[in-house]
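Undergrad: First, the structure itself, so that you have it in front of you.
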Amino acid sequence: RIVYLNGDYMPEEEAKVSIFDRGFVMGDAVYEVTSVLDGKILEFEGHMARLERSLSELQMVCPLTREDWLAIHHELVTRNELVDGMIYLQVSRGNAGDRDFHFPPAGTPPTVVLYTQSKPGLADDPKAKVGIKVISIPDLRWHRRDIKTVQLLYPSMAKMAAEAAGKHDAWFVEDGFVTEGSSNNVYIVKGSKIITRQLSHDILHGITRASLLKYAAEAQMEIEERPFTIAEAQAADEAFFTSASAFVMPVVEVDGAAVGTGKPGPVATRLREIYLEESLKRTV
Ligand code: PLP
């Protein structure tokens, strides 16, 4: 695999980052994951806008222009002959020299890494046909979940807990309400309404979420942005999640209780179709 590191393309074995890099020592880095279908990039502008926002919230300068980022994405797709998969992008605050909690001086070069991951048949994930099962787990993350940092230890622990319980994923719960999934935004369907938590510092502002809500509104579907509980999800007609790599994924069980019929419902199924159809029109 050919990867990108700080301005150069190289085989992955040659890509080396300092042991003093703040991304490694402090988790001081932000990232984006963008899907590639049929060699084309989905939601590029959305991901770049969020990257710029994450960086600016952490007082980091965005090291490249959108044109530069796009050129790198395209170059990696070409060099790796990527058909379906994802592109991972990470910007860390760079090499601080000796360990220090304080940010290094302005002008310290960031560490910029991009690489591809091939996932043949990404849009035809068989799980979308049967749905996935989730457990709930307390949300013990920090309170700036709107910034997409690489501090993913707790989400990793949540996924391990779900796996240990024989399920696919975990939903975070705080003050009695679901915040989001371990790596996705979550929704329930009640009657004709799609219910999902409103944007705040409590959740990541999903790029898939933003587009899906736009397409759903255009399709005259009713959307209510508010928190919901696990009991409400268990009593809902349908549930689903969204993320850049899974698009729209039906959720058919929450903490052991079947949601609706226990099978992917018509709304989630339709939204997945609409999302893929519309976002494929906007690839770059
Ligand atoms: N929420 C969390 C915690 C995430 O990690 C992610 C994606 O990684 C999402 C939501 C979904 O965001 P997006 O649709 O931009 O992938």
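Nothing in this text is a laboratory measurement; each read-out follows from the coordinates by a stated rule. It should be emphasised that the depicted structure is a prediction, and the values quoted were computed from it without experimental measurement. Don't worry about glycine lacking a Cβ; one is built from the backbone with ideal geometry, like all the others, and counts go over all protein chains shown.
Undergrad: Output the pairs from Lys167/Lys281; Lys16/Lys127; Lys16/Lys281; Lys119/Lys193; Lys148/Lys281 with a Cα-Cα distance over 31 Å in this structure; if there are none, say none.
TA: On the way: Lys167/Lys281 34 Å; Lys16/Lys127 36 Å; Lys16/Lys281 37 Å; Lys119/Lys193 33 Å; Lys148/Lys281 26 Å.
Over 31 Å apart, Cα to Cα: Lys167/Lys281; Lys16/Lys127; Lys16/Lys281; Lys119/Lys193.
Undergrad: Can I ask one more? Are there any chymotrypsin sites (Phe, Trp or Tyr not before Pro) in segment 85-155 that are in a DSSP loop and have at most 14 other Cβ atoms within 10 Å? List them by number.
TA: Working: sites: Tyr88, Phe101, Tyr115, Trp142; in loops: Phe101, Trp142.
For chymotrypsin sites (Phe, Trp or Tyr not before Pro) across segment 85-155 that sit outside H, G, I, E and B with at most 14 neighbouring Cβ atoms in 10 Å, the list reads Phe101, Trp142.
Undergrad: Scaled to the compact-protein estimate 2.2 N^0.38 Å, what is the alpha-carbon radius of gyration of segment 2-120, rounded to two decimal places? Don't skip to the answer; put the middle values down first.
TA: Details: Rg = 14.4 Å, N = 119, 2.2 N^0.38 = 13.5 Å.
So segment 2-120 has a normalised radius of gyration of 1.07.
Undergrad: For the chain, modelled as a GNM with alpha-carbon contacts under 10 angstrom, which of Leu64, Leu82, Leu152 fluctuates the most?
TA: Judging by the Gaussian network model, the answer is Leu64.
Undergrad: Tell me the Rg and the Dmax, in Å, that the Cα atoms of segment 126-267 produce.
TA: Reported Rg and Dmax, both Å: 13.9, 40.
Undergrad: State the answer as a single residue: which of Ala235, Val173, Asn80 lies farthest towards the positive end of the charge dipole of the chain, with beta carbon charges of +1 for Lys and Arg and -1 for Asp and Glu, about the Cα centre.
TA: The residue sitting most towards the positive pole is Ala235.
Undergrad: Right, something else. Add -39500 (n - 2.57) for each DSSP H run of 4 or more in the chain, then divide by its residues: what number comes out at 222 nm, to the nearest 500 deg cm²/dmol?
TA: Details: 8 runs with 82 residues, N = 284.
It comes out at -8500 deg cm²/dmol, rounded to the nearest 500.
Undergrad: Past the 29 angstrom mark, what percentage of all C-alpha to C-alpha distances in the chain do you count? Intermediate values should be presented prior to the final figure.
TA: Values: 14290 of 40186 pairs.
That tail contains 36 percent of the Cα-Cα pairs.
Undergrad: Choose one answer from Ser156, Ser92, Ser183: the residue with the largest mean-square fluctuation in a GNM of the chain with alpha-carbon springs under 10 Å.
TA: Ser156
Undergrad: Please report Lys127, Lys159 as a ranked list, fewest other C-beta atoms within 10 angstrom at the top and most at the bottom. The partial results should precede the final answer.
TA: Details: Lys127 12, Lys159 19.
Lowest to highest Cβ neighbour count: Lys127, Lys159.
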